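A short write-up of the structure that comes next.
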Amino acid sequence: MNPTVRVDVVIPVYNEERDLEPGVRKLRAFLRENCPYRWRIVIADNASVDRTPEIGRRLAEQWPEEVCYLRLNRKGRGRALRKAWLESDADVMAYMDVDLSTDLSAFMPLIQPLVEGRYHIATGNRLHPQSRIARSLKRELISRIYNFIIWLFFPRRRFQDAQCGFKAITRQAARELIPLVANQSWFFDTELLLRAEQRGYTVWEVPVIWREDPDTRVKILRTAIEDLRGLWRVWRTPHPIPIHTDPEADSPD
């Protein structure tokens, strides 16, 4: 183990009483076996009202050196990531969905270039020729249409897959970029990558093995409207003023 490097892996959750414990157990086993750095799993609970808080606190008590539980009182994946990443003192911070829809075999290829200082932000790419994806035709079409719309707004952007729930960032980049990201919800991912490229960062993309979660909580129409508003806002403000807001604050989108 390399004790000089620390990695935080954030799992943002909302009402995930079914998947939380098996997801954390599987991730913990993987990290113990495969990650050569000091690591911690951060359960970032954004206002769950089921048994998620109870389960999250129990797991943190069971493995206090490896798991911690963070509670927010308002919903929003962006809120959860903003708070968890800005409060972290890890060298590299990652996040993934609680159902581990992205196979963990891509985790070390995701973070290694960041640990080595070659890149500062990374994401899984489900559109990569080497990726293996299992999802419905409907979700496939929605994803490709969304990425095409991003291209219409930002034809020079280099990353391919904005919304893969499998990303990592260095502490340095997080401190610079997150105050530039206004969205507190699903558009957070896309805005983070766009703001990174606007600031001259190159986004590292890795192929993934990914399977669709049939129990997804994404509201497609609502999310699509939020994304279009967000793309318009980011296009109009290429040089935003940094905002240091409470993660519980409202989103402009």
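Of all residues assigned to region 100-112, at least one qualifies as being assigned to a helix (DSSP H, G or I) and among the β-branched types (Val, Ile, Thr).
Set side by side, the residues Ala80, Ala84, Ala90, Ala94 differ, and just one is in contact (Cβ under 8 Å) with a residue 24 or more places away in the chain, surrounded by 18 or more Cβ atoms within 10 Å (Cβ to Cβ), under 17 Å from the mean Cα position of the chain (by Cα) and over 22 Å from Ser185 (Cα atoms), which is Ala90.
Checked against (1) out of contact with any Phe, Trp or Tyr (no Cβ under 8 Å at 6 or more places or on another chain); (2) surrounded by fewer than 22 Cβ atoms within 10 Å (Cβ to Cβ); (3) touching a residue at least 12 places away in the same chain (Cβ under 8 Å), Ala196 meets all criteria but (2).
Of the residues making up region 54-77, those that are surrounded by 18 or more Cβ atoms within 10 Å (Cβ to Cβ) and assigned to a helix (DSSP H, G or I) are Ile55, Gly56, Leu59, Ala60, Arg77.
All of (1) farther than 22 Å from Ile43 by Cβ; (2) touching a residue at least 24 places away in the same chain (Cβ under 8 Å); (3) not in a helix (DSSP H, G or I); (4) not aromatic (Phe, Trp, Tyr) hold for Pro155 with one exception: (2). Only a single item in (1) surrounded by fewer than 16 Cβ atoms within 10 Å (Cβ to Cβ); (2) within 21 Å of Leu104 (Cβ to Cβ) is not met by Val206, and it is number (1).
On the given criteria, is Ser48 surrounded by fewer than 23 Cβ atoms within 10 Å (Cβ to Cβ), polar (S, T, N, Q) and over 24 Å from Glu205 (Cα atoms)? If you could, list the steps in order and put the result at the bottom.
Details: surrounded by fewer than 23 Cβ atoms within 10 Å (Cβ to Cβ): yes; polar (S, T, N, Q): yes; over 24 Å from Glu205 (Cα atoms): yes.
Spelling it out, Ser48 is indeed surrounded by fewer than 23 Cβ atoms within 10 Å (Cβ to Cβ), polar (S, T, N, Q) and over 24 Å from Glu205 (Cα atoms).
Scanning region 131-190 for residues that are among the aromatic types (Phe, Trp, Tyr) and within 26 Å of Trp85 (Cβ to Cβ), we see that the one that is surrounded by the fewest Cβ atoms within 10 Å (Cβ to Cβ) is Phe153.
Each row is one residue, and each column tells you yes or no for (1) out of contact with any Gly (no Cβ under 9 Å at 6 or more places or on another chain); (2) part of a helix (DSSP H, G or I); (3) not small (Gly, Ala, Ser).
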residue	(1), (2), (3)
Ser88	yes, no, no
Tyr119	yes, no, yes
Ile150	yes, yes, yes
Lys167	no, no, yes
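Annotation: of all residues in region 147-162 being closer than 21 Å to Ser101 by Cα and modelled with pLDDT of 90 or more, the one that is nearest to the chain's Cα centre (by Cα) is Ala162.
The values are calculated or read from the model by the stated rules, or taken from the named source; none is laboratory data. For clarity, every value in this text was computed on a predicted model and none was experimentally measured. No Cβ is skipped: glycine too gets one built from the backbone with ideal geometry, and neighbour counts run over all protein chains shown.
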